[in-house]
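Engineer: Before I ask anything, here is the structure I am working with.
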Amino acid sequence: MERPVLLNVEQAAAWCGITRNTLNHLRTHGRFAPAIKMGRRCFWKPEHLNAWIESQLEVAA
């Protein structure tokens with residue numbers, strides 16, 4: 001079985017082009033990609049981050 005690629009908070013923030021503080025703020029308010037919790041740490045799959053990025057597209061007014 002192949003192990004999935006998981007990104008820690010610093011890597012996930014860099015992947016999305018945001019700061020760690022912004023990621024934590026969005027996550028605590030339920031406005032970020034779903035995390036995988038292992039103990040006290042959170043990890044993200046790149047495909048979940050990409051889906052979240054796509055969901056942030058603004059519709060032109």
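Engineer: Suppose every Lys and Arg Cβ carries +1 and every Asp and Glu Cβ carries -1, with no other charges. What dipole size does the chain come out with about its Cα centre, to the nearest 20 debye? Provide the component values of the computation, followed by the final result.
Structural biologist: Values: 8 positive and 5 negative charges, 82 e Å.
Dipole of the chain, to the nearest 20 debye: 400 debye.
Engineer: How large, in Å, is the chain by the Kirkwood hydrodynamic radius built from its alpha-carbon pairs?
Structural biologist: Numbers: mean 1/r = 0.0819 Å⁻¹.
This gives a value of 12.2 Å.
Engineer: What's the FRET efficiency of T19 with N50 using the Cβ-Cβ distance as r and R₀ = 25 Å, to the nearest 0.05?
Structural biologist: Numbers: r = 19 Å, r/R0 = 0.76.
Working from the Cβ atoms, E equals 0.85.
Engineer: How high is the relative contact order of the chain? Use alpha-carbon pairs under 8 Å, at least six apart in sequence, and give a whole percent.
Structural biologist: Answer for the chain is 38 percent.
Engineer: Report the one residue of M38, T28, I53 whose Cα lies farthest in the direction of the positive end of the charge dipole of the chain (charges on C-beta: Lys and Arg +1, Asp and Glu -1; origin at the Cα centre).
Structural biologist: Value: M38.
Engineer: Give a residue-ordered list of calculated ³J(HN,Hα) values for segment 43-52 (Karplus: 6.51 cos²θ - 1.76 cosθ + 1.60, θ = phi - 60°; whole Hz; x for Gly, Pro).
Structural biologist: So the J values, rounded to whole Hz, are 9, 10, 8, x, 5, 6, 5, 4, 5, 5.
Each value in this text was obtained by applying a stated rule to the coordinates, not by laboratory testing. Note that the structure is predicted; figures quoted are calculated from it, not measured. Don't worry about glycine lacking a Cβ; one is built from the backbone with ideal geometry, like all the others, and counts go over all protein chains shown.
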